[in-house]
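Undergrad: One structure is given below, represented as structure tokens, and several questions about it will come after.
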Amino acid sequence: MSSPAKLRPATAPVVFTGNFLSDGRVAWLAGDGTWSPRIAEARVFPAEAAARVPQDPRVVGPYAVEVDLAAGLPTPRRFRERLRVTGPSVVAEPALRLALAS
Amino acid sequence: MNAVTPVGAPRHPEHARLYRYDAIDRAFLQERIAEFRGQVQRRIDGALTEDEFKPLRLMNGLYLQLHAYMLRVAIPYGLLSSTQMRQLGMIARRWDRGFGHFTTRQNIQFNWTKLEDVCAMLEALADVDMHAIQTSGNCIRNVTTDEYAGAACDEVVDPRIYAEILRQWSTLHPEFTWLPRKFKIAVTGSPQDRVAAQVHDIGVLAKRDAGGAVGFEVWVGGGLGRTPLLGTKIRDWVPEADFLRFMEAVLRVYNALGQRENIYRARIKILVRDMGAEFAGAVEREFAAIPRDPYALDPAIVAAIAAHFAAPPFAALADEPATYVRARRENAEFAAWTRNALRPHRAPGYASVTISLKPIGGIPGDASADQMEALADLAERYSFGEIRVTHSQNLVLAHVRQEDLFTLWQALGPLGLATPNIGLVSDIIACPGMDYCALATARSIPVAQRISERFARLDRQLEIGELNLNISGCINACGHHHVGHIGILGVDKRGEEVYQITLGGNQGNDASIGELIGPAFSYDAVVDAVETLLRTYVDRRDPGERFVDTYRRLGAVPFREALYAPA
């Protein structure tokens, strides 16, 4: 996946993200050094750590994402990254869409 | 060479007109899948880095998007048999989340592909003579053409023949596999351009001379994206025999002189713009230097390919059969649908039906597995087993008996496929945008959904009349916003989405690039802005004027004043 272009140096705490190699799902670097599909498990690093992007052969294209912290949980500052947390903002699956419409 | 298992021919409907693979084509696909399977396995094993693997997967149509991999499948010039459509439905159900997304390049994308599944998906595609080769990368992409080919009353030359010739010529062309940038070709065989020829890298208009011989008008250097430009006509007539030699010459000049060092200046449109008339001169010199005989298009080959697209066995029918006339008279909803969904057919008693993939509040271009399978059945029953994909993200049954139209419409309704909005404000072209695309800077789909919901009432849509409203989620312009009468471009402004509006764009013979009307609107305000524009248009239009006509007559001022008037 292409990471956001023209990133300026981080000024806020960061988490690291990428996509799992096997299925492309969004991955977050967790506190125990593994990669998790849940941002709630992500380890938060100080802004200065943003340039030291960890590499893992099971994760594609890792990069740092600036976050805000609320009750200790990280929320990406950029809308793009928030979408990666929640998934598409539209109901894509036709069966679910029809069910909601009815 | 990897060992491969020979596969048999798929059972396409007898009268479906599409290029039918031979044993060599099928063996090649199996070899290609075996090769890619090895590459995928080496990637999973860690023997290939992502940098090494990425160009390999892209040349096989596999992208990595925001939430998952995406597999883009080639639908040559948008033409599918019912067998292929049914298989796409199966793939959507088995390996995706039950749907696929038809694109402006007349292809289909599966948005939830897993790397570990991709080779099984490619095998399923190969079972019906399909693949994903050259749906990405800096190569010649899927050639597009008129969705009404072989049916349109105004068709002079069947463009499918030459689109197929270009497909065969460009597939794995050793010289043009690593071009400076991607390359898109459209072919039309009607004087009325329905393929947006002037905004393609090459737009080909097939035509005939006074003696009936086929030749080609060639436009080069059109394109959308960051720098939208209309193409330049560099030849009024290329004889059929010289068709590939001339195309070869254009590609060679581009390949040699295109600006590889700067991705934003690498498309042929920049080269054509910068070189001016000298570009055509360079092509002519290259053309003259290419030996004629080895590149001459053999009439026997043209005839053999043309045979794949021979007219299906149309029945001897009359136009306006009584049952059709009566149904239209007695059923207002059906009559409303026929008004925009139908196009005249060259065979008396037939019509071409455009099926909307734009239900109110739906995702433009999406079709569920159930819909795909049902459409395959309907195509077999009513249109010789053929389906076409349009560049405006709808589908076409090209050859439907007029006496069957009412029954077909009744079948489409429960499937959610009878929305009577073709060519109207809710028939929106939209790219996947930031909901899926890794390149996007803003969402497109929910904007399209909200606009179609705002203008859901058919009487309101009919009052507004013909309108092209196109939405892109980034400057790459996959949603063709530059050629929308109203174009919407989503961009990122300090981490949030805002939407620029362009007006006056158009595709077709009088193509034009839309002009930016003013400062961008927020996500919440953009639908109101569209409504303001359309109110202004309705108030100010002369009888019979489309939005774009009124804009061209009045200019931007009244629209700008309406949009940015102090509250």
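The values are calculated or read from the model by the stated rules, or taken from the named source; none is laboratory data. The structure presented is a predicted model; accordingly, all values stated were derived computationally and were not measured. Every residue, glycine among them, receives a Cβ derived from its backbone with ideal geometry; neighbour counts consider all protein chains shown. When the accessible area is computed, the model is the full protein with side chains, heavy atoms only, and any ligands, DNA or RNA have been set aside. Shrake-Rupley method; radii C 1.70, N 1.55, O 1.52, S 1.80 Å.
Undergrad: If the cut-off is 16 Å between C-alpha atoms, which lysines fall inside it for B:Lys114, apart from same-chain ones fewer than 8 positions away?
TA: Straight-line reach from B:Lys114, under 16 Å: B:Lys54.
Undergrad: Projecting each Cα onto the charge dipole of the protein assembly as shown (Lys/Arg +1, Asp/Glu -1 at the beta carbon, about the Cα centre), which of B:Cys437, B:Ala318, B:Gly221 comes out farthest on the positive side?
TA: About the Cα centre, the residue reaching furthest to the positive side is B:Cys437.
Undergrad: Counting every Cα pair in the protein assembly as shown, what percent are over 51 Å apart? Mind dumping the intermediate values first?
TA: Numbers: 19590 of 223446 pairs.
Cα-Cα pairs in the protein assembly as shown separated by more than 51 Å: 9 percent.
Undergrad: Separate question: Distance between Cα centroids, region B:430-455 to region B:352-421: provide it in whole Å.
TA: About 23 Å separates the Cα centre of region B:430-455 from the one of region B:352-421.
Undergrad: Going by a 1.4 Å probe on protein heavy atoms, which residues of region B:52-99 end up with at least 20 Å² less accessible surface in the whole assembly than in their chain alone?
TA: Residues meeting the cut-off: B:Leu64, B:Leu66, B:His67, B:Tyr69, B:Arg97, B:Phe99.
Undergrad: Here's something else I'd like to know. Given region A:14-101, report the % of alpha carbon pairs whose separation exceeds 15 Å.
TA: 60 percent
Undergrad: With the calculation restricted to Cα positions, what are the radius of gyration and Dmax of chain B in angstrom?
TA: Gyration radius and largest Cα-Cα distance of chain B: 23.1, 71 Å.
Undergrad: Long-range amide H contacts for B:Thr232: which residues qualify at under 5 Å (H placed 1.01 Å from N, peptide plane, sequence gap of 5 or more or a different chain)?
TA: B:Val220, B:Gly221, B:Gly222
Undergrad: Where nothing but the Cβ of Lys and Arg (+1) and of Asp and Glu (-1) is charged, how large is the charge dipole of region A:14-101 around its Cα centre, in debye to the nearest 20? Mind showing how you got there, number by number?
TA: Numbers: 11 positive and 9 negative charges, 42 e Å.
Value, rounded to 20: 200 debye.
Undergrad: Can you list the GluC sites (Glu not before Pro) in region B:175-266 that are in a DSSP coil and have 14 or fewer other beta carbons within 10 angstrom?
TA: B:Glu175, B:Glu261
Undergrad: Measuring with a 1.4 Å probe in the full set of protein chains, what accessible area per residue, in whole Å², belongs to the protein assembly as shown?
TA: Working: 26050 Å² over 669 residues.
Here the residues of the protein assembly as shown average 39 Å² of exposed surface.
Undergrad: If you put +1 on each Lys and Arg Cβ and -1 on each Asp and Glu Cβ, how big is the dipole of chain B around its Cα centre, in Debye rounded to 20?
TA: I would put it at about 620 debye.
Undergrad: Taking the Cα centre of the protein assembly as shown as origin, sum charge times position over the Cβ atoms of Lys and Arg (+1) and Asp and Glu (-1), and report the length of that vector in debye to the nearest 20.
TA: 1120 debye
Undergrad: On average, how many beta carbons from a partner chain sit within 10 Å of the beta carbon of a residue in A:51-58?
TA: Averaged over the peptide's residues, the number is 1.
Undergrad: Can you pull the Kirkwood radius for region B:429-564, inverse mean 1/r over Cα pairs, to one decimal in Å?
TA: 14.8 Å
Undergrad: Which whole-angstrom value gives the distance between the alpha carbon centres of region A:1-73 and region B:257-277?
TA: Going from one Cα centre to the other spans 37 Å.
Undergrad: Let me ask something else. What aspartates and glutamates sit close enough to B:Lys207 to cross-link, taking a C-alpha to C-alpha distance under 13 Å and skipping anything fewer than 8 places away on the same chain?
TA: Hits, sequence-local ones excluded: B:Asp154, B:Glu155, B:Asp158, B:Asp193, B:Glu217, B:Asp236, B:Glu240.
Undergrad: Still on this structure: Quick check on region B:379-469: what does the Kirkwood estimate of hydrodynamic radius come out to from the alpha carbon pairs, in Å?
TA: 15.1 Å
Undergrad: What lysines could a cross-link reach from B:Lys358, if we take a straight Cα to Cα line under 27 Å and drop same-chain neighbours fewer than 8 places away?
TA: List returned: B:Lys184.
Undergrad: Answer with one residue from B:Ile133, B:Val238, B:Leu554: the one whose Cα lies farthest towards the positive end of the charge dipole of chain B, charges on Cβ with Lys, Arg +1 and Asp, Glu -1.
TA: Projecting each Cα onto the dipole axis, the largest value belongs to B:Leu554.
Undergrad: Using C-alpha positions alone, give me the convex hull volume of region B:322-415 per residue in cubic angstrom.
TA: Numbers: hull volume 9.1 nm³, N = 94.
Enclosed volume per residue, from the Cα hull, is 97 Å³.
Undergrad: Which helices, counted as full DSSP H runs in chain B, have an axial Cα extent of no less than 18 Å and a Kyte-Doolittle average of 0.0 or above?
TA: Numbers: long enough: B:23-45 (33 Å, -0.65); B:82-95 (19 Å, -0.67); B:243-257 (21 Å, 0.91); B:277-289 (19 Å, 0.26); B:369-382 (19 Å, -0.47); B:526-540 (21 Å, 0.27).
TM-like helix candidates: B:243-257, B:277-289, B:526-540.
Undergrad: Let me ask something additional. Would you compute, for the Cα atoms of region B:231-292, the largest minus smallest coordinate along each principal axis and list the three values in descending order, in whole Å?
TA: The Cα atoms of region B:231-292 stretch 35, 20, 16 Å along their principal axes.
Undergrad: Now, a different point. Can you list the HN-Hα couplings for region A:79-88, worked out from phi with the Karplus curve (6.51, -1.76, 1.60; θ = phi - 60°), rounded to whole Hz and with x for Gly and Pro?
TA: 4, 3, 6, 5, 5, 5, 6, 8, x, x
Undergrad: Related question: Helix-derived [θ] at 222 nm for chain B: sum -39500 (n - 2.57) over DSSP H runs of at least 4, divide by residue count, nearest 500?
TA: -11000 deg cm²/dmol, from helical runs alone.
Undergrad: Hey, what did chain B get for relative contact order, percent, Cα under 8 Å, at least 6 apart?
TA: Relative CO of chain B lands at 13 percent.
Undergrad: Something else about it: Can you list the chymotrypsin sites (Phe, Trp or Tyr not before Pro) in region B:104-211 that are in a DSSP coil and have 11 or fewer other beta carbons within 10 angstrom?
TA: none
Undergrad: If you don't mind, another one. Computing the accessible area with a 1.4 Å probe over protein heavy atoms, can you report the carbon and sulfur percentage for the protein assembly as shown?
TA: Using a 1.4 Å probe with all protein chains present, the protein assembly as shown comes out at 53 percent carbon and sulfur.
Undergrad: Give the relative contact order (percent, whole number) for region B:383-440; include only Cα pairs under 8 Å separated by 6+ residues.
TA: Over region B:383-440, the number comes to 22 percent.
Undergrad: How would you order B:131-143, A:55-67, B:314-326 from highest to lowest mean count of nearby Cβ atoms within 10 Å?
TA: Working: B:131-143: 22.7, A:55-67: 17.8, B:314-326: 12.5.
Output ranking for B:131-143, A:55-67, B:314-326: B:131-143, A:55-67, B:314-326.
Undergrad: How much accessible area is lost when chains B and A come together, counting both sides, with a 1.4 Å probe, in Å² rounded to the nearest 100?
TA: Counting both chains, the buried surface is close to 2500 Å².
Undergrad: Let me ask something else about it. If eta is 1.002 mPa s and T is 20 °C, what Stokes-Einstein diffusion coefficient results for region B:490-546, Kirkwood Rh from Cα pairs, in µm²/s?
TA: The calculation lands on 165 µm²/s.
Undergrad: Out of B:Ala307, B:Ile75, B:Phe521, whose Cα points farthest toward the positive end of the dipole of chain B (charges: +1 Lys, Arg; -1 Asp, Glu; placed on Cβ)?
TA: Of the listed residues, the answer is B:Phe521.
Undergrad: Roughly what percent of Cα-Cα pairs across region B:223-347 reach past 17 Å?
TA: When every Cα pair of region B:223-347 is considered, 73 percent fall beyond 17 Å.
Undergrad: While we're on this one: Can you tell me the relative contact order of region B:23-126? Whole percent, Cα pairs under 8 Å, sequence separation 6 or more.
TA: 28 percent
Undergrad: When 1/r is averaged over all different Cα pairs and the result inverted, which Kirkwood radius in Å belongs to region B:31-108?
TA: 14.0 Å
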